[in-house]
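Trainee: What follows is a single structure, and I will ask about it in a moment.
The values are calculated or read from the model by the stated rules, or taken from the named source; none is laboratory data. Everything quoted here is computed from the prediction, not taken from an experiment. As a convention, Cβ positions derive from the backbone with ideal geometry for all residues, glycine included, and neighbour counts pool all protein chains shown.
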Amino acid sequence: MRNLVVTKFDASGTLIYSTFIGGSVNDYATGIAVDAAGNAYITGSTNSPDFPVTAGAAQSTFRGAGSAYLAILSPDGSALRHATFFGGSGSAEAQAIALDAAGAPVLAGTAGPGLPTTAGAYKATLATGRAAFVARFSPLAQGTPQLVAASYYGADNPQANSSMQGNSVLGMALDAGGAAWITGQAFTTNLPTTSTALQAAPTAMSATCAAGPAPLNSFAYVAKLSADLGTLGYASYVTGKTEAAGATACTISEAPGKVLPTLPPK
């Protein structure tokens, strides 16, 4: 059994608190944000049906093989101010969290089918495989945080690539307008991209291997979902690579790439 640990130090390095959060199975933390009052917002994944959700949680029941979660600790670490599951019929893991200008927590991660997406979502359903997701909750200052918006970003019919299928999230940032910019890995060549995409399709690659299974292609991407998670504002592949999964020797060739633009500061 593993529980997540949250530890806080002051500016001089003195320990303020260190505490566990979790249930009876395994719980992992992959992101943290802190608001102006010092409350700590933690996200990650849990396999514990008895993860300590709090009264009024947006999702109080554990679903699927694993669930993402949102947990909020008081500034001194003595109280779990809020905790909720966020999962579907498949597994779900959150990899990133940020607070918008109003203090609303936004999660980003990777999930299978069945997430509780909301009306007006850019992509409300996922038939198969795995895809990125973004979920926005109401600010703690307004009371118990509730799910405001949630959407997938991914392919309708992702190709299976080795044991991987679909796309995952590795990072997220919010811009001044509250739009969520996500990035990660795609294991499919048919992610939705926009007309202004740097790369509408991944870089063409090939590999010849002396032995072992076929190479595993994975591609980086970046996508922007509007603050209400109803519109895909931008989406592009940004590079490509081939990994030889278990092969003993490979010769890899890649089509000429593009020079990536420098993005303006927020």
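Trainee: Please return the ranges of strands (runs of 3 or more DSSP E) entirely within region 25-134 where 3 or more residues are in contact with a Ser or Thr (Cβ under 8 Å, 6 or more places away or on another chain) and among the polar types (S, T, N, Q). Walk me through it before giving the result.
Mentor: Numbers: elements: 27-34, 40-46, 67-73, 80-86, 92-99, 105-111.
In region 25-134, the matching strands (runs of 3 or more DSSP E) lie at 40-46.
Trainee: Identify the residue in region 153-175 that is surrounded by 15 or more Cβ atoms within 10 Å (Cβ to Cβ) and of a type in the set (Ser, Thr, Tyr) and, among all such residues, is modelled with the lowest pLDDT.
Mentor: Per the criteria, the residue is 162.
Trainee: Consider residue 33 carefully, then state whether it is more than 21 Å from residue 118 (Cα to Cα) and either buried (at least 16 other Cβ atoms within 10 Å of the Cβ) or not basic (Lys, Arg) (or both).
Mentor: yes
Trainee: Further, regarding this structure: I'm told residue 131 meets every condition in (1) touching a Pro at 6+ places or on another chain (Cβ under 7 Å); (2) free of Cβ contacts under 8 Å to residues at least 40 places away in the same chain; (3) buried (at least 21 other Cβ atoms within 10 Å of the Cβ) except one. Can you identify the failing condition by its number?
Mentor: (1)
Trainee: Among the candidates 183, 196, single out the residue that is more than 20 Å from the chain's Cα centre (by Cα), under 17 Å from residue 225 (Cα atoms) and at pLDDT 90 or above.
Mentor: 196
Trainee: Residue under question is residue 64, and the condition is that it be modelled with pLDDT of 95 or more and not polar (S, T, N, Q); does it hold? Let's see the steps before the verdict.
Mentor: Numbers: modelled with pLDDT of 95 or more: no; not polar (S, T, N, Q): yes.
Considered against the rule, which asks whether it is modelled with pLDDT of 95 or more and not polar (S, T, N, Q), residue 64 comes out as no.
Trainee: Picking from 104, 150, 98, which residue would you name as being more than 28 Å from residue 18 (Cβ to Cβ), crowded, with 16+ Cβ neighbours inside 10 Å and touching a Pro at 6+ places or on another chain (Cβ under 8 Å)?
Mentor: Values: 104 fails: more than 28 Å from residue 18 (Cβ to Cβ); 98 fails: more than 28 Å from residue 18 (Cβ to Cβ).
Answer to the check: 150.
Trainee: Right, next: Out of the residues in region 162-193 that are in contact with a Leu (Cβ under 7 Å, 6 or more places away or on another chain), small (Gly, Ala, Ser) and in a loop (DSSP other than H, G, I, E, B), which is nearest to residue 152 (Cα to Cα)?
Mentor: So the residue we want is 179.
Trainee: Considering 85, 20, which residue is over 22 Å from residue 166 (Cα atoms), out of contact with any Cys (no Cβ under 7 Å at 6 or more places or on another chain) and surrounded by 19 or more Cβ atoms within 10 Å (Cβ to Cβ)?
Mentor: Just a single option satisfies the conditions, and that option is 85.
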